[in-house]
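Here is the structure we will look at.
The values are calculated or read from the model by the stated rules, or taken from the named source; none is laboratory data. No experiment lies behind these values; they were computed from the predicted model shown. Note that we place each Cβ from the backbone using ideal geometry, even for glycine, and neighbour counts take in every protein chain shown. Just the protein is used for accessible areas: all its heavy atoms, side chains included, with ligands, DNA and RNA removed. Shrake-Rupley method; radii C 1.70, N 1.55, O 1.52, S 1.80 Å.
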Amino acid sequence: MNIQVRYFSRGGNTKKLADAIAKAAGCKAEPIPVPVDGNADILFLGASVYWGGISSQVKDYIQALDRDKIGRVVVFSTSALAERAFPQIQKKLQEKGIPVDDKNFYCRGEFTALHKGRPNQEDMDNAGKFTEEIINKE
């Protein structure tokens, strides 16, 4: 099974989750815009919500994905204030005709004085367990 991890992270929170997910999946986490290498059975895609929306870089990355190369996407996200990025990313992927897993992973991320130390080790351990569940349901 070809599993790939891509993420967008301004402050490093989503990168921490991406690294934990990649470790559990036995692959390497790559920042966007690194393209999908070949065909991906599962693409874990991570982002954050900034001021109520996902970044334009994430939107552009999704727009550039080739739906014929992606089995399905599993979304993971962080945020300090806003809700998770899943609904926005799911909508963009579905508009492209790319299947999106109904399960997603989310945790709070540190921003200035909010949520100090998040994602923490427990969050990263939970991301790893989530990844194993996703892979094992194949």
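Report for the chain the percent antiparallel among DSSP-assigned beta bridges with both residues inside it, nearest 5.
So the antiparallel bridges amount to about 10 percent of the total.
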Inset, instruction - Please work out the average accessible area per residue across the chain, using the 1.4 Å probe convention, and give it in Å². - result: 52 Å²
Inset, instruction - Work out the charge dipole of the chain with +1 on the Cβ of Lys and Arg and -1 on the Cβ of Asp and Glu about the Cα centre, then indicate which of ALA25, THR14, GLY128 is farthest towards its positive end. - result: THR14
Legend entry - Max mean-square fluctuation residue, GNM over the chain, Cα-Cα springs under 10 Å, options LEU43, LEU65, LEU17: LEU65
Inset, instruction - Calculate, for ASP102 and ASP37, the FRET efficiency according to 1/(1 + (r/R0)^6) with r their C-beta to C-beta distance and R0 41 Å; round to the nearest 0.05. - result: 0.95
Inset, instruction - Largest first and in whole Å, give the semi-axes of the chain's equivalent ellipsoid, each being the square root of 5 times a Cα gyration tensor eigenvalue. - result: 22, 17, 12
Legend entry - MET1 - accessible surface, heavy atoms, 1.4 Å probe, Å² rounded to 10: 130 Å²
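So, with a 1.4 angstrom probe, what is the percent of accessible area on the chain that is carbon and sulfur?
Numbers: 3370 of 7130 Å².
Ligands and nucleic acids excluded, carbon and sulfur reach 47 percent.
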Inset, instruction - Measure nothing fancy, just the Cα-based angle from helix 86-95's long axis to the longest principal axis of the chain, in degrees from 0 to 90, nearest 10. - result: 20 degrees
Legend entry - Degrees between helix 121-136 axis and first principal axis of the chain (Cα, 0 to 90, nearest 10): 20 degrees
